[in-house]
Amino acid sequence: MSKTTEEITFDQGLLDYLGRFITEHKKGAIEQVLSKRTKYLTVVLEDIFKPHNASAVIRTCDCFGL
């Protein structure tokens, strides 16, 4: 069963499976960090010399959930 939280869809079965591999303390820390995420950040790139640098920035932003 999947659930949607804001813009992200989670597969509860996958979360339950992966949750077996981390401690309750770590789960709490992850939830605390996720609750403090901001939606008010804009990444601006100017005068990009090499296109792959822009791609790297976009991938990094995606990893950080921006």
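Considering only residues of the stretch 1-12 that are in a strand (DSSP E or B) and over 30 Å from N53 (Cα atoms), which is modelled with the highest pLDDT? Before the answer, list the steps.
Step one: filter the stretch 1-12 for residues in a strand (DSSP E or B), giving 2-5, 8-11.
From the residues that got through so far, the ones that are over 30 Å from N53 (Cα atoms) too are 2-5, 10-11.
Working: S2: 52, K3: 55, T4: 56, T5: 58, F10: 69, D11: 79.
Ranking the candidates gives D11 first.
Tell me, please, whether a residue that is surrounded by 10 or more Cβ atoms within 10 Å (Cβ to Cβ), at pLDDT 85 or above and under 14 Å from the mean Cα position of the chain (by Cα) can be found in the stretch 43-58.
Scanning the stretch 43-58, I find at least one residue that is surrounded by 10 or more Cβ atoms within 10 Å (Cβ to Cβ), at pLDDT 85 or above and under 14 Å from the mean Cα position of the chain (by Cα), so the answer is yes.
For the stretch 13-65, which residues satisfy the criterion of being in a helix (DSSP H, G or I) and touching a helix residue (DSSP H, G or I) at 6+ places or on another chain (Cβ under 7 Å)?
G19, K27, listed by residue number.
The values are calculated or read from the model by the stated rules, or taken from the named source; none is laboratory data. Being a predicted model, the structure only gives us computed values, none of them experimental. Using ideal geometry, Cβ is built from the backbone for each residue, glycine included, and neighbour counts are taken over all protein chains shown.
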